[in-house]
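Laboratory data are not the source of any read-out in this text; all were calculated from the coordinates shown. Source: prediction; values computed, not measured. Note: ideal-geometry Cβ built from the backbone for every residue, glycine included; neighbour counts use all protein chains shown.
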Amino acid sequence: MALTGKRVLLIISGGIAAYKSLDLIRRLRERGASVRPVMTDGAQKFITPLAVGALAADHVFTELFSREDEQDVGHIRLARDCDIVVIAPATASLLAKMAHGLADDLASTILLATDRPILTAPAMNPKMWDNAATRRNIATLQTDGVSFVGPAKGEMAERGEAGTGRMAEVLDIVAAIELHFDEKPKPLAGRSAIVTSGPTHEPIDPVRYIANRSSGKQGHAIAAALRDLGAKVTLVSGPVTIPDPHGVNTIHVERAEEMMQAVMAALPADIAIMVAAVADWRVASASDQKIKKQPGQSIPTLALAENPDILSTVGHHKLRPKIVIGFAAETQDIEKNGRAKLERKGADLIVANDVSPATGVMGGARNQVKLIGHDGVEAWPDLDKDEVAARLAALVAERLKP
């Protein structure tokens, strides 16, 4: 099994998502891992140490000053006697303690004392996740080498609350742990990549927008494929309904101008793959109030302004990545339009595909692409989007060989 013999120290902090940790323990043990649980006081308000211990088949550690557990400096032993430390759920409070080096309970003391890899699965209210203090803490922890999986978008436990803050699904957390122990070759180790994905939404008024038909499936798959080959990936995603790929730094944006800013902030990088279906135009002056349809009034006219060309900007930038790849979603003259885009945008490669409604590419699971480069065209067969992503990542790795 993928995790056979691996020792996981699981820290469960307080939050409604703590109930998911029970399933996480079960899934990890199914795959051959041993799980040693640590629970904060808050976690014990949601689930019991009895249930956690029964599933883990191990003692549950809860107290920093336990007479029995600390007689051999237990918190140091726990911090070192494992292969990975997983925090699920990770609350805003515990993340803040980690970022600032606080150690006032067993969990935070272990985290300060450990020299093992740390994987966190945040779970909190969307407002807490978006709070400037939390964002600063996340940035600090990422710089310190802490890995994140999630959070995901969705409904919160609080009535009427929705947004980014749900703990990642259990199988996504398991996959992130397995990825850590993946011993396959990593030809892109030490490389950095920027990937854009999904559509952009350009507001007309508070309830209407201009957008392209993109699910983000291909872009997200490419980000995951680059990650699997060892690259440090920044994914700039427009509004999509699919989960963030684990092990990837995902930045969520709405508008093309926001996507441009996020991409520029991520430079320099070795690789840039611009997959997003960016709206070419935006409303020059979006309305602050909903535009109402009034009887007898003429249809409103929308004055449009051109959005920034992200691919061209990256392709001609002074910090241009070693490899720049763009996507061309076409409905006719695929090769001709792809070649023109290649020259115009300053790209090394254009991945062109037919997105006519009959193909089902937009929103579908499969894709058929043509790779248009300065040395010719290579047509790929109809493939699952994950396979397209894997092939493209392998091609990038080949081109970046010393």
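Shape call for the stretch 7-183 from the C-alpha gyration tensor, a ≥ b ≥ c root eigenvalues: rounded (a/c under 1.5), prolate (a/b greater than b/c) or oblate? Rounded, since a/c falls under 1.5. Under unit Cβ charges (Lys, Arg +1; Asp, Glu -1), what dipole magnitude, rounded to 20 debye, does the stretch 111-180 have relative to its Cα centre? Using Cβ point charges on Lys, Arg, Asp and Glu, the stretch 111-180 gives about 220 debye.
In a simple Cβ point-charge model (Lys, Arg +1; Asp, Glu -1; nothing else charged), the stretch 7-183 has a dipole of about 360 debye relative to its Cα centre.
Please work out whether the stretch 187-402 counts as rounded, prolate or oblate from its C-alpha gyration tensor, where a ≥ b ≥ c are the square roots of the eigenvalues and a/c under 1.5 means rounded, while otherwise a/b larger than b/c means prolate and anything else oblate?
prolate
Charged side chains reduced to their Cβ positions (Lys and Arg at +1, Asp and Glu at -1) give the chain a dipole of some 480 debye around its Cα centre. Here each label is just a point 7 Å from Cα along the line to Cβ, and for PHE181 and ASP115 those points are 2.2 nm apart.
If you count the DSSP beta bridges with both ends in the stretch 7-183, what percent of them are antiparallel, to the nearest 5?
In the stretch 7-183, approximately 20 percent of DSSP beta bridges are antiparallel ones.
Scaled to the globular estimate 2.2 N^0.38 Å, the Cα spread of the stretch 250-326, given as radius of gyration, is 1.49. The residue among LEU95, ILE110, ALA133 whose Cα reaches farthest toward the positive pole of the charge dipole of the stretch 7-183, with charges on the beta-carbon of Lys, Arg, Asp and Glu, is ALA133. Take every Cα pair under 8 Å whose residues are at least 6 apart in sequence, average their separation, divide by the length of the stretch 187-402, and the relative contact order is 21 percent. When ASP354, ASP81, ASP244, ASP105 are arranged by Cβ crowding within 10 Å, least crowded first, meaning fewest neighbours, the order is ASP81, ASP354, ASP105, ASP244.
Counting pairs of alpha carbon atoms under 8 Å apart in space and at least six apart in sequence, what relative contact order in percent does the chain give?
Relative contact order for the chain comes out at 11 percent.
Measuring spread by the Cα atoms of the chain yields a radius of gyration and Dmax of 23.6, 83 Å. Between ARG399 and LYS290, the contour length at 0.36 nm per residue exceeds the Cα-Cα span by 34.3 nm. Rg then Dmax, both in Å and based on the Cα atoms of the stretch 277-402: 18.8, 68. Largest mean-square fluctuation among LYS322, LYS292, LYS186, in a Gaussian network model of the chain whose springs join Cα atoms under 10 Å apart, belongs to LYS292. With 29 Å as the limit, the listed pairs LYS345/LYS385; LYS6/LYS322; LYS290/LYS345; LYS127/LYS293; LYS217/LYS370; LYS184/LYS217 have LYS6/LYS322; LYS290/LYS345; LYS127/LYS293 beyond it between alpha carbons. Measuring between their Cα centroids, the stretch 88-131 and the stretch 191-242 lie 27 Å from each other. Each of MET124, GLY150, PRO268 was placed along the dipole of the chain (beta-carbon charges, centred on the mean Cα), and the one lying farthest toward the positive end is PRO268.
Of the candidates ALA54, ALA175, ALA88, which one comes out as most mobile in a Gaussian network treatment of the chain with C-alpha springs shorter than 10 Å? Result for the chain, Cα springs under 10 Å: ALA54 fluctuates most. Which of GLY150, GLY219, GLY163 moves most in a GNM of the chain, Cα contacts under 10 Å? With Cα springs under 10 Å in the chain, the top fluctuation among GLY150, GLY219, GLY163 is at GLY163. With neighbour counts taken as other beta-carbon atoms within 10 Å, the residues ILE372, ILE76 rank, fewest first, as ILE76, ILE372. Each of HIS317, HIS201, HIS374 has some number of other Cβ atoms within 10 Å of its Cβ, and from fewest to most they run HIS374, HIS317, HIS201.
Angle of helix 385-399 to the longest C-alpha principal axis of the chain, folded into 0 to 90 degrees and rounded to 10: 90°.
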